1. Say each of residue 101 and residue 18 gets a label point 7 Å from the Cα, pointing the same way as Cα to Cβ; how far apart are those two points in nm?
2. For a quick protection proxy, order the peptides 48-56, 21-29, 4-12, 104-112 by their average other-Cβ count within 10 Å, most packed first.
3. If R0 is 41 Å, what FRET efficiency do you get for residue 37 and residue 114 from their C-beta distance, rounded to 0.05?
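Where a number appears in this text, it was derived from the coordinates with a stated rule and is not lab data. Note that the structure is a prediction, hence the values are computed from the model and not measured. With ideal geometry, Cβ positions are generated from the backbone for all residues, glycine too; neighbour counts draw on all protein chains shown.
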Amino acid sequence: MLYLSEAMGLATLVLWLYCLFDVITTPDAVCRNLPKIVWVLVVLLFPLIGSVVWLLAGRPERAPQAASRPSPFPEYDRPGRFAATNPDDDEEFLRRCRERAEEQRRNAPKKPPED
C-alpha cells in the first residue's frame with residue numbers, strides 16, 4: 001500500500017509542475033476567468049486542487065499560435081489570410097511580397113564573380 005501513496009504523490013507532483021509551467025507560459029490575454037498572476041498563486045498555494053481548477057477553468061481552450069508569436073511577415077496576419085484563396089486575386093498581398101523580395105535582394109551581400 002505504501003507504493004500506491006508514493007505513486008499518487010509523484011503523480012500529484014508531475015501534475016502540479018505541468019500546470020505551473022503551463023500557467024507561466026500562457027499569454028496573459030488568453031487566460032480564462034482570472035488574471036494570470038492569480039492563476040499562478042492558485043496553482044502554487046493549492047497544488048492538487050489549483051492544478052485541476054486551472055485545467056478545467058483557466059487554461060485556454062485552444063492555444064493560439066498567432067497570438068503567442070507574431071509573424072515576421074505582416075501580410076500573412078490579416079483575417080481570412082489563412083484560408084486558401086487564389087493569390088492572383090489578391091493584388092495587395094502580391095505587391096507586398098514583391099516589395100519584400102526586392103528589399104531582400106538589395107540588402108543581400110554581393111558575391112564576387114567566380115573565375
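1. Those two pseudo-labels are separated by 4.6 nm.
2. Numbers: 48-56: 16.9, 21-29: 13.8, 4-12: 10.2, 104-112: 6.6.
Per-residue Cβ counts within 10 Å, averaged per peptide and sorted highest first, yield 48-56, 21-29, 4-12, 104-112.
3. Working: r = 59 Å, r/R0 = 1.44.
Between residue 37 and residue 114 the formula returns 0.10.
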